[in-house]
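The values are calculated or read from the model by the stated rules, or taken from the named source; none is laboratory data. These numbers were taken from a predicted model, which means no experiment stands behind them. Here the Cβ positions follow ideal geometry from the backbone for every residue, glycine too, while neighbour counts run over all protein chains shown.
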Amino acid sequence: MIYILRRALRDLTTWPRTLQLALVLAISLILILGIAVVVVPYELRIYACIGVFGSVLVVQAALLIGYREMVKPLAKAQRAYLASDFETACQVLQPVRESGNADVRSLTLLGNTYRQLGDLDASRQVLYEAVHKSPEDQYPLYGFGRTLLAAGEFGQAGEMLERALQQGAPVAVRLDLAEAVFFAGDVAGAGAIAQSVDADFAPGEAYREFLRVALSWKAGIGSLPLPDHEGRAYWDLTARRFSHTPYGVAVKRLLDEIEGAWAE
């Protein structure tokens with residue numbers, strides 16, 4: 001409850017004026033009546049307790065209404081993002097940020113959406129804002145790392161992905177780190193990191209397994225990915241999407257090397 005109140009007070013300025021007043025007055029009444037419960041005569045304490053109970057209900061109602069209004073656009077944007085409808089996700093979240101109502105989750109999703117649309121400058125700006133708001137949150141750290149990677153800033157990307165892992169990011173993120181290390185020029189280091197990832201990937205994450213095998217092969221400690229590997233299509237799309245960046249060029253070069261090895 002204390003954590004929720006602290007977060008609400010932090011987000012209070014983004015809420016409608018009526019909710020701000022309701023929450024502040026209710027919390028003030030709880031404090032005043034809480035003192036009254038201790039100092040007023042015994043026969044009046046029941047009325048103070050009733051007042052405290054009523055004020056708590058007002059606080060709960062204000063929190064529910066305030067965060068319900070914040071969650072609506074985020075949920076809609078998440079659905080659009082998962083459907084690869086990045087334009088819609090961006091259209092939903094842009095006004096939220098411009099109004100000053102965006103929390104860390106909304107900023108992270110917006111920054112990731114900009115990256116998917118190829119607008120790396122906007123992605124960097126929004127995710128930097130999210131990391132600044134919550135520097136120990138793995139999600140904006142990971143998103144910022146991916147944007148730096150896509151921009152070809154491989155060293156900085158590796159540092160950000162390391163921070164995400166330190167804050168509890170899933171073990172599969174080590175493959176993102178291996179990717180950054182590989183494109184920064186440390187082939188052996190990338191292969192060692194890739195080999196350390198022993199995870200059961202979800203059905204939609206075959207691209208991670210393709211990367212793990214590819215980086216291990218490049219480091220001379222694994223076999224070549226199979227030509228019909230399910231994860232290959234993701235990397236073809238990535239190379240095209242970021243063809244205007246050093247990252248896209250590097251991904252294309254790796255795929256060309258793999259295809260050349262297949263042809264031998």
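Under the condition of being surrounded by fewer than 24 Cβ atoms within 10 Å (Cβ to Cβ), part of a helix (DSSP H, G or I) and small (G, A, S), the residues counted in segment 92-127 number 2. For S216, the conditions (1) over 21 Å from T113 (Cα atoms); (2) surrounded by 20 or more Cβ atoms within 10 Å (Cβ to Cβ); (3) within 23 Å of the chain's Cα centre (by Cα) all hold with the exception of (3).
Within segment 183-196, the residues that satisfy the criterion of being free of Cβ contacts under 8 Å to residues at least 40 places away in the same chain and in contact with a helix residue (DSSP H, G or I) (Cβ under 7 Å, 6 or more places away or on another chain) are A184, V187, G189, A190, G191, I193, A194, Q195, S196. Within segment 124-146, residues that are over 12 Å from L110 (Cβ atoms) reach partners that are outside any helix (DSSP H, G or I) with beta carbons closer than 6 Å, at six or more positions or on different chains, in the pairs E136/Q167; Q138/Q167; Q138/G168; Q138/A169; Y142/A169. If you go through segment 184-204 and keep only what is within 23 Å of the chain's Cα centre (by Cα) and buried (at least 17 other Cβ atoms within 10 Å of the Cβ), you end up with I193, A194, V197. Just checking, does segment 129-137 include any residue being more than 13 Å from the chain's Cα centre (by Cα), of a type in the set (V, I, T) and not assigned by TED's automatic domain parsing to the domain that holds A184? So far as segment 129-137 goes, no, none of its residues is more than 13 Å from the chain's Cα centre (by Cα), of a type in the set (V, I, T) and not assigned by TED's automatic domain parsing to the domain that holds A184. Could you tell me which residue of segment 219-264 is farthest from the chain's Cα centre (by Cα), considering only residues that are without any contact (Cβ under 8 Å) to a residue 24 or more places away in the chain, over 30 Å from L117 (Cα atoms) and assigned to a loop (DSSP other than H, G, I, E, B)? Here the residue is E264.
Would you check which residues across segment 135-183 are surrounded by fewer than 18 Cβ atoms within 10 Å (Cβ to Cβ) and hydrophobic (A, V, I, L, M, F, W, C) and list them? Residues satisfying the conditions are V171, A172.
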